[in-house]
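A short write-up of the structure that comes next.
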Amino acid sequence: MAPKGKGILSFDGFAKTVDDAKIKTTSGGLITLGCIITLIFIVIGDWNKFNEVIIRPELVVDRDRALKLDINLDITFPDLPCDLMSLDIMDVSGDYQVDIANYGFTRVRLDENGNEIDKSDLKIGDDKVDPQEDLPSDYCGPCYGAKDQSKNDELEQDQKVCCNDCESVRKAYATVSWAFFDGKNVEQCEREGYVERIKSRLNEGCRVHGTAQINRINGNIHFAPGASFSSPQRHVHDLSLYNQEGDFSFRHTVNHFSFGPEIESVHSSDLKTSSNPLDGLVSNEGGKNHLYSYFVKVVPTRFEYLNGTVLETNQFSSTKHDRPLGGGRDEDHPNTLHARGGVPGLFFHFEMSSLKVINKETFGATWSGFVLNVVSAIGGILTVGALLDRGVYAADKAIRGKKDK
């Protein structure tokens, strides 16, 4: 009969050696210390990876197309007065936001050296005197033929067609595509000091910053000279004063341009930089009759942070193109021909992506992954150490055997 338990003993994969058969060597001690030091470094690296916060991206279909999108911009124009500029938004649905100064934008007047003069609302004529001050209650200003006022005598006061201030006359002229110039000889503009103000500011620059809301569809936001007017068939600007006076241009510096809230997570600093690729861009090329265009591809983005906070924002890529309005061949690429015509200005053409990127903050490894890595490291280092020790011991034994002969 076989000894008790002998069947189980045959499965023992960890056979023990007798203590008297163990031999300790100096090389074995050095290899052991090396293994311990290596293991410490590996465990520290796995621990750092376990505590590291990373972002894992995921791509899904954007289902929030009905929401509005914020555009944040801060742009400096060193060669263009604030009073000569209009800011409009258009999209493919036919929605127009003309002269969007009323949507929270701020202008900062700049002197010839780029220093700030004062701040005010972007709306042209914002610092004029009260247009109704010292005027009779039944006053109805002339529109100088830009609007039909022939039937005013037959209408009540609140139904009359009137242009009671300089801004009303400017818009009336824009509606019929008439040149307004600087408002000289226009009663309302002379009374409000608009003419003198425009003349005194022709050598200034302008910095515009603020936020506007747009539909989440393709469109553009643009800076152009003069008052603008939009209809289903056209969108025009009054270029009369821009063409008549000064050495103006739309040379610019993009201090900041983004869509939606800013990325605030400390772990997303690299993504924050890549999400606003136009920040700090300077465009000094071109002259008075030059068109600057940026073609922007907007990708909705969600950040889900470890603390449970969810941030809905956007990332975008951009391609720049500029051309002279006179058209002709490109100086740098003679085979390239530019189209002729257009409006001088700065245009941002945006295209909305139908996909959304979801960035989730997570730790670099789980507890189970960390433990498994440590165990694997211990086993691997001990195995390699044992093989190295046997090799060194065998080599040392062979060398000693030759010397003893």
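Considering only residues of region 203-237 that are aliphatic (A, V, I, L, M) and buried (at least 16 other Cβ atoms within 10 Å of the Cβ), which is farthest from residue 95 (Cα to Cα)?
For region 203-237, the residue satisfying everything is 208.
Identify, from the list 63, 56, the residue that is at pLDDT 70 or above, assigned to a strand (DSSP E or B) and among the basic types (Lys, Arg).
Result of the check over 63, 56: 56.
If you check residue 151 against the conditions, is it within 30 Å of residue 116 (Cβ to Cβ), loosely packed, with under 14 Cβ neighbours inside 10 Å and either modelled with pLDDT of 85 or more or touching a Pro at 6+ places or on another chain (Cβ under 8 Å) (or both)?
no
What number of residues within region 317-338 satisfy the criterion of being of a type in the set (Lys, Arg) and modelled with pLDDT of 80 or more?
Within region 317-338, residues that are of a type in the set (Lys, Arg) and modelled with pLDDT of 80 or more number 2.
Could you grab me the full set of residues in region 352-366 that are modelled with pLDDT of 85 or more and either surrounded by 14 or more Cβ atoms within 10 Å (Cβ to Cβ) or more than 30 Å from residue 298 (Cα to Cα) (or both)?
352, 353, 356, 357, 358, 359, 360
When residue 141 is evaluated against the numbered criteria (1) over 41 Å from the mean Cα position of the chain (by Cα); (2) without any contact (Cβ under 8 Å) to a residue 40 or more places away in the chain, which criterion, by number, is the only one it fails?
Residue 141 satisfies all of (1) over 41 Å from the mean Cα position of the chain (by Cα); (2) without any contact (Cβ under 8 Å) to a residue 40 or more places away in the chain except (2).
Residue 288 is checked against (1) charged (D, E, K, R); (2) modelled with pLDDT of 85 or more; (3) closer than 20 Å to residue 70 by Cα and fails just one. What number does that condition carry?
(3)
Going through region 68-87 one residue at a time, which ones are under 30 Å from residue 302 (Cβ atoms) and surrounded by 14 or more Cβ atoms within 10 Å (Cβ to Cβ)?
69, 70, 71, 72, 73, 74, 75, 87
The values are calculated or read from the model by the stated rules, or taken from the named source; none is laboratory data. Small disclaimer: the values here were computed from a predicted structure and weren't measured. With ideal geometry, Cβ positions are generated from the backbone for all residues, glycine too; neighbour counts draw on all protein chains shown.
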